[in-house]
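Asker: Handing you a structure now.
The values are calculated or read from the model by the stated rules, or taken from the named source; none is laboratory data. All values derive from a computational prediction rather than experimental measurement. Here the Cβ is made from the backbone with ideal geometry for all residues, glycine too, and neighbour counts use every protein chain on show.
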């Protein structure tokens with residue numbers, strides 16, 4: 001196995017681990033710490049959870065062409081997470097009369113170091129997955 005194959009394999013594995021940790025983390029927050037997800041958190045979950053399965057198949061098959069299927073999900077998740085984070089941390093998208101479901105989307109269950117919230121964690125995860133798959137797509141071997 002040459003270095004490029006090993007790098008591809010590691011990149012696929014890293015993206016799967018990121019998706020898996022994100023999924024398990026969201027389940028931990030809701031099932032163990034009993035944080036009720038807001039509507040935008042549900043949308044982020046809807047996009048993240050399938051990535052675990054899709055990326056597991058990609059890792060098993062060492063298939064870098066999977067990026068074309070990963071991008072739509074990861075970019076949609078990125079945009080939802082960015083919007084949600086900006087809604088929490090700025091006044092750009094916040095309206096005092098705005099309702100987001102049972103739990104307001106501006107609720108910050110965690111706020112580590114003054115900026116790390118649950119949408120921020122999702123934003124980082126979607127960013128890592130997106131960047132890795134852009135790398136894999138543009139560095140894949142031409143068949």
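Asker: Name the residues in region 107-123 that are crowded, with 16+ Cβ neighbours inside 10 Å and under 20 Å from residue 79 (Cβ atoms), would you?
Answerer: Hits for region 107-123 are 117, 118, 119, 120, 121, 122, 123.
Asker: Looking at region 24-46, I want the residues that are touching a residue at least 40 places away in the same chain (Cβ under 8 Å) and have a partner that is loosely packed, with under 12 Cβ neighbours inside 10 Å and not in a helix (DSSP H, G or I) with Cβ atoms under 7 Å, at least 6 apart or on another chain. Which pairs are those?
Answerer: Filtered contacts from region 24-46: 36/102.
Asker: Looking at region 70-91, is at least one residue within 16 Å of residue 131 (Cα to Cα) and in contact (Cβ under 8 Å) with a residue 60 or more places away in the chain? Talk me through it step by step, then tell me what you get.
Answerer: First, pick out the residues of region 70-91 that are within 16 Å of residue 131 (Cα to Cα): 70-79, 81-82.
Checking the rest, the ones that are also in contact (Cβ under 8 Å) with a residue 60 or more places away in the chain come to 70-71.
Within region 70-91 (the criterion being within 16 Å of residue 131 (Cα to Cα) and in contact (Cβ under 8 Å) with a residue 60 or more places away in the chain), the answer is yes, since at least one residue qualifies.
Asker: Here is a follow-up. Looking at (1) under 19 Å from the mean Cα position of the chain (by Cα); (2) modelled with pLDDT of 90 or more, which is the only condition residue 88 fails?
Answerer: Result: residue 88 passes all but (2).
Asker: For region 52-63, indicate whether the set of residues that are under 28 Å from residue 107 (Cα atoms), in contact with a helix residue (DSSP H, G or I) (Cβ under 9 Å, 6 or more places away or on another chain) and modelled with pLDDT of 95 or more is non-empty. Show your work before the answer.
Answerer: Taking region 52-63 first, the residues under 28 Å from residue 107 (Cα atoms) are 52.
Retained after the next criterion (residues that are in contact with a helix residue (DSSP H, G or I) (Cβ under 9 Å, 6 or more places away or on another chain)): 52.
Add one more test, that the residue is modelled with pLDDT of 95 or more, and what stays is 52.
Scanning region 52-63, I find at least one residue that is under 28 Å from residue 107 (Cα atoms), in contact with a helix residue (DSSP H, G or I) (Cβ under 9 Å, 6 or more places away or on another chain) and modelled with pLDDT of 95 or more, so the answer is yes.
Asker: Just one of 80, 36, 46, 110 is touching a helix residue (DSSP H, G or I) at 6+ places or on another chain (Cβ under 8 Å) and either under 24 Å from residue 16 (Cβ atoms) or assigned to a helix (DSSP H, G or I) (or both); which is it?
Answerer: Details: 36 fails: either under 24 Å from residue 16 (Cβ atoms) or assigned to a helix (DSSP H, G or I) (or both); 46 fails: touching a helix residue (DSSP H, G or I) at 6+ places or on another chain (Cβ under 8 Å); 110 fails: either under 24 Å from residue 16 (Cβ atoms) or assigned to a helix (DSSP H, G or I) (or both).
One residue alone meets the criteria, 80.
Asker: Look through 41, 105 and report the one residue that is in contact with a helix residue (DSSP H, G or I) (Cβ under 8 Å, 6 or more places away or on another chain) and modelled with pLDDT under 90. Step through it out loud before you land on a result.
Answerer: Values: 41 fails: modelled with pLDDT under 90.
It is 105.
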